[in-house]
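K.L.:
Supplied in structure tokens, the structure appears directly below.
Only the coordinates and a few stated rules stand behind these numbers; no lab work does. Since the model is a prediction, treat every value here as computed from it, not as a measurement. Ideal geometry is used to build each Cβ from the backbone, glycine not excepted, and the neighbour counts take in all protein chains shown.
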Amino acid sequence: MNNTIELANSDAPREEHAKPARLFRATIGKFEDPADCATMDSLVRWVEDKYREDLLKRPSKHVYIRLLPEDVVRQIDQLRDHAIIQAAILRQFDASHVITPMKHTDELYISHYNKDLGGDQGLYSKHYDGNLRFLPFGAVVRSLIYLQSDATYKLVFGDSGVEQSFASYEFGLLDFHRELHWVEGEYNPDDRQRILLKCNYLIAPRHATFLARVMLDANTAVFYVVKAAMEYSKSPKNLPQAFIGLLCNVFRIMNNVHPVVPLVFIALVFGSAGWGLLRLLTH
């Protein structure tokens, strides 16, 4: 896992009495500097060349940014570490909080609206990105940086009451664990490709080093497990993929009710299986 980097606090105005364990309200912004827009255009050209075949396929595609060429990562760093992103995040926290980028989880994302009961259907149906919203400490904020988009889809942030049809050069910030959100639209292969960055940031009090590390490790573990299941089962082509895709969608619905529900379900399944095996071995 890449080492995280603590960013300095921004000089942007802070909320006086922000509570660290409440919803980070979804925020919309835009990169206005021509240099930033040129960087985004350059990244789009690289993606269109590198992933030419994937752009013609229906399933969505995620690629970890840490696996991309160094010169591409440097360009992405100019955007995900940008002062406009830092300021928009820290504005909702008091001055004791700092940002730790979770760059090991950041992704390049080619989005193709896809509802086929596979693992990536949850990207468009009502969902929370994470399942740790019961934790009373800190927050994880996700930025959606739209390198290219034609605003034909509307992203709805249900808990914040914010809706936005994102266009190129815009970005959205949301609470990874506490924001119920979904996409409204219909796939059209003739639309301009939606190419974006999904970047994650841990927000915690400056001196809570141990608890921040626990939160970072918990988020990383859940992130990789869920992502592996989603990637394996998107647009399922065989029975095992269809089964995992079904589980992904069932767990998503359970998590929408409460994050503890899927954990209880898993405990009951494994508990029942263990009890059955014990009965079988003792009779």
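K.L.:
Whose amide H sits under 5 Å from the amide H of ALA204, counting only residues 5 or more places off or on another chain, with H placed in the peptide plane?
P.N.:
Residues meeting the amide H criterion: VAL98, THR100.
K.L.:
Could I ask something else about it? Which entries in the list LYS50/LYS237; LYS30/LYS154; LYS30/LYS198; LYS61/LYS237; LYS61/LYS198 go over 19 Å, if you measure between the two C-alpha atoms of each?
P.N.:
Working: LYS50/LYS237 25 Å; LYS30/LYS154 16 Å; LYS30/LYS198 15 Å; LYS61/LYS237 16 Å; LYS61/LYS198 12 Å.
Violating the 19 Å Cα-Cα cut-off are LYS50/LYS237.
K.L.:
How many nm separate the modelled label positions at SER42 and LEU56, each set 7 Å beyond the Cα in the direction of the Cβ?
P.N.:
Taking the simple label geometry, SER42 and LEU56 are separated by 2.9 nm.
K.L.:
By how many nm would the segment from ASN188 to ASP150 grow when fully extended, if each residue of separation counts as 0.36 nm and the alpha-carbon distance is taken off? Could the numbers behind the result be given before it?
P.N.:
Working: separation 38, 0.36 × 38 = 13.68 nm, distance 1.14 nm.
Extending this stretch completely gives an extra 12.5 nm.
K.L.:
Tell me, what HN-Hα J-couplings in whole Hz come from the Karplus equation 6.51 cos²θ - 1.76 cosθ + 1.60 at θ = phi - 60° for each residue of region 197-211, using x for Gly and Pro?
P.N.:
Taking θ as phi minus 60°, the curve returns 10, 10, 10, 10, 9, 8, 10, 8, x, 4, 9, 8, 4, 5, 5 Hz for region 197-211.
K.L.:
If you scale each eigenvalue of the Cα gyration tensor by 5 and take the root, what three semi-axes come out for region 27-223, rounded to whole angstrom and sorted largest first? Intermediate results must be reported in sequence, preceding the final value.
P.N.:
Numbers: eigenvalues 139, 77, 53 Å².
Semi-axis lengths for region 27-223 are 26, 20, 16 Å.
K.L.:
Right, another one. Can you work out the Karplus-derived ³J(HN,Hα) for every residue in region 93-106? Use 6.51 cos²θ - 1.76 cosθ + 1.60 with θ = phi - 60°, whole Hz, and x for glycine or proline.
P.N.:
Ordered by residue, 3J(HN,Hα) equals 10, 6, 5, 7, 9, 10, 9, 10, x, 9, 5, 5, 9, 5 Hz.
K.L.:
Now for a separate question. What full-extension length gain, to one decimal in nm, is calculated for VAL260 and VAL214 as 0.36 nm per residue of separation minus the Cα-Cα distance?
P.N.:
14.7 nm
K.L.:
Give me, ordered by chain and number, the residues 5 or more places off GLN148 or on other chains with an amide H under 5 Å from its own placed amide H.
P.N.:
Residues meeting the criterion, in which the H sits 1.01 Å from N, are TYR169, ILE195.
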